[in-house]
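K.L.:
Let me give you the structure first, and then I'll get to my questions.
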Amino acid sequence: MKRLFIISGIILAVLVAITTQSSGQAAYTGFCVKNNGAVRLVTNSSLCKRTESFISWTQGGPQGPPGPQGVKGDKGDKGDKGDTGATGATGATGATGATGAQGPRGVANGASRVIHGILNWNGEIWAGSADFQVISMVDDAANNTYNYTIQWNPPAFNSAPVCVATPYLGSTPNYLPFILISDVGPNYVVVALEANILNQYYLHSRQYAFSFVCVGR
C-alpha cells in the first residue's frame, strides 16, 4: 500500500510539473522523494535533502509528425556579379576559301614589250600592234598643238616605258609639225604635234601623219 502511494505521488508530481511548465513558470527537472513517499518538485538535484532521493525524467517521447509547410519567403536580393570566366579554347581552323579569279597576263620572264603604230591626223590607226587605241584627240588651236592620248590594253608596263614619235608624211622636214612626247605612263602615252610659222598650213590643213613606238617591261 505504501508503494502504491509513492507511485501515485510521483504521477501526481509529474502532472503538476507539466502543468506548471506549460503556464510559463520555472522548468522542473525532477523531484525529491522521502522514504515516507512525500514528493517535492525541484529544478535541480542539489535542492534535495539528505533524507530525500532525486528522481529526474530524461527519456524523450516519440518524434512528432512533421509540421505543415511554411509560407513562401520573400524574394532575396540580387547576388553579386560573378568573376570573369576563363578564356575558351581556340576554335577549329575554317575551311579554305574559294580560288580567286585569274589575274591579267604579265610580261613573260621580264621580257621587253613593244607597242607601235602609225596614225593619221584624225586618229585613224593605219598600222601597228593590235593592243592600243586612241582615246582622245584635242585640238589646241591657241597653241597650234594637237594632243593625241594613246592607251594600250592590259597588261600595262611595270613602269613608264620609253616612247618616241616621228613624222610620217610631208615634203620636207621643215614643213612638218614638231612631234614630241608630252606625257607617258605605264598604260598610256600623249603625243603632241606642235607647228611653227612655216608648217602651220600642214598642221591645220591636216596633211600629216605620225608614227610612235614605246618599249618597256
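The values are calculated or read from the model by the stated rules, or taken from the named source; none is laboratory data. Everything quoted here is computed from the prediction, not taken from an experiment. Quick reminder, even Gly has a Cβ in these numbers, built from the backbone with ideal geometry, and neighbours come from all protein chains shown. Protein only, heavy atoms only, side chains kept; ligands, DNA and RNA dropped before computing areas. Shrake-Rupley method; radii C 1.70, N 1.55, O 1.52, S 1.80 Å.
K.L.:
Search the range 18-57 for residues being of a type in the set (Gly, Ala, Ser) and open to solvent by less than 50 Å² (accessible area, probe 1.4 Å), and hand back the single one that is modelled with the lowest pLDDT.
P.N.:
Result: Gly37.
K.L.:
Take the conditions modelled with pLDDT under 85 and part of a loop (DSSP other than H, G, I, E, B) and apply them to Ala101. Does it pass?
P.N.:
Judged against the criteria, Ala101 is a match.
K.L.:
Checking the structure you have, find out if any residue of the range 163-175 is closer than 21 Å to Arg217 by Cβ, open to solvent by 70 Å² or more (accessible area, probe 1.4 Å) and at pLDDT 85 or above.
P.N.:
Of the residues in the range 163-175, the ones closer than 21 Å to Arg217 by Cβ are 163-165.
So of that shortlist, the ones also open to solvent by 70 Å² or more (accessible area, probe 1.4 Å) come out as 164.
Adding the requirement that they be at pLDDT 85 or above leaves 164.
Yes, the range 163-175 contains a residue that is closer than 21 Å to Arg217 by Cβ, open to solvent by 70 Å² or more (accessible area, probe 1.4 Å) and at pLDDT 85 or above.
K.L.:
For the range 109-156, name all the residues that are among the aromatic types (Phe, Trp, Tyr) and under 18 Å from Tyr208 (Cα atoms).
P.N.:
Selection gives Trp121, Trp126, Tyr146, Tyr148.
K.L.:
Check the range 144-161 and report whether any residue there is at pLDDT below 85, open to solvent by 50 Å² or more (accessible area, probe 1.4 Å), farther than 30 Å from Gln102 by Cα and of a type in the set (Val, Ile, Thr).
P.N.:
no
K.L.:
Further question on the same structure: Please verify whether the range 72-85 includes one or more residues that are in a strand (DSSP E or B), under 47 Å from the mean Cα position of the chain (by Cα) and either under 30 Å from Cys163 (Cα atoms) or at pLDDT 80 or above (or both).
P.N.:
No, every residue in the range 72-85 fails to be in a strand (DSSP E or B), under 47 Å from the mean Cα position of the chain (by Cα) and either under 30 Å from Cys163 (Cα atoms) or at pLDDT 80 or above (or both).
K.L.:
So how many residues does the range 104-133 have that are open to solvent by less than 80 Å² (accessible area, probe 1.4 Å) and at pLDDT below 70?
P.N.:
Qualifying residue count for the region: 5.
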